[in-house]
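I have placed the structure first, in the form of structure tokens, so that the comments after it can refer back to it.
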Amino acid sequence: MRRHELLRCLHEVLQPRTYFEIGVRNGLSLQLSRAPSVAVDPFYNLTNEVRCDLHLVRTTSDEFFAREHPFAHFDEPIVDLGFIDGMHLSEFALRDFINVEKYCHAGSVVVFDDMLPRNVVEAGRGRVGPARHGAWTGDVYKIVDTLRTLRPDLVVLEVDTLPTGTLVVMNTDPSSRVLDDAYDDLVADYVVPDPQYVPDATLQRSRALAGETLLSSPVWAEIRRLRGRPPVASRPAIAKTLRQAGLLEPKGA
């Protein structure tokens, strides 16, 4: 399954009320949305037809979130489905997630692109050699272990999409400030010279699910059912559904 096919299917199973995208480029992913949408990219050049109620912003994600009311385009400032495909450096991707989560709810889903580099060259912080003109993931793969370690409350699922993998994050909590507090220390660990160390589990995709397996999970109906309910009830229910479907390890495993 290719990455945009996964995203298209997520739109179908989630039926999001709002969609937010960082990294528009030519609109290939944005064209999938039919919900009210906000999209941010300082250098977008749309070549694909977009058919949604859209607020398109030519700015960086940091500048966007610095606004007093960044999601004024929505009836409520909430993100049901977010897609992060901005600057491919770990500190930028983590900061984007921190900022997006503040506008999420228990039933939100945040998707990251380019999370499973196929080799060390693709994973470099500098875009050099074959990565200069071909696929380049940068070192955003680093935030997978960060989220799993510091935020065990999140559901963090790697998905084996072509060409360079996807990450799907669920069970978001807009009240959490764990990542904000740890950010400076994390960046100090992230920013190191190339070549990057890429775990075998990342290169071999040994933890990654097939897109079809994820999409066939009953969790999507559960997410839609729980929208608008208190997080104290919603977040445990989502994780329980995923465990029952075999997509999460049992508690204590």
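List of remarks:
- Residue check, Y44 more than 30 Å from D194 (Cα to Cα), part of a loop (DSSP other than H, G, I, E, B) and hydroxyl-bearing (S, T, Y): no
- The residue that is farthest from D62 (Cα to Cα), counting only those in the range 9-24 that are aliphatic (A, V, I, L, M) and in contact (Cβ under 8 Å) with a residue 60 or more places away in the chain, is V13.
- Enumeration of residues in the range 54-81 that are under 12 Å from V24 (Cα atoms), assigned to a strand (DSSP E or B) and within 16 Å of the chain's Cα centre (by Cα): none
- Number of residues in the range 122-146 that are basic (K, R) and modelled with pLDDT under 90 equals 2.
- Count - residues of the range 143-167 that are aliphatic (A, V, I, L, M) and in contact (Cβ under 8 Å) with a residue 60 or more places away in the chain: 4
- Filtered residues of the range 26-42 (kept if surrounded by fewer than 16 Cβ atoms within 10 Å (Cβ to Cβ) and under 13 Å from D85 (Cα atoms)): N26, L28, P42
- Among the residues making up the range 87-107, those that are closer than 16 Å to V155 by Cα, in a loop (DSSP other than H, G, I, E, B) and in contact with a helix residue (DSSP H, G or I) (Cβ under 9 Å, 6 or more places away or on another chain) are H105, A106, G107.
- Per this entry, R51 is not counted among residues that are surrounded by 15 or more Cβ atoms within 10 Å (Cβ to Cβ), among the charged types (D, E, K, R) and part of a loop (DSSP other than H, G, I, E, B).
The values are calculated or read from the model by the stated rules, or taken from the named source; none is laboratory data. Bear in mind the structure is a predicted one, so any value in this text is a computation, not a measurement. In this analysis, Cβ positions are derived from the backbone assuming ideal geometry, glycine residues included, and neighbour counts consider all displayed protein chains.
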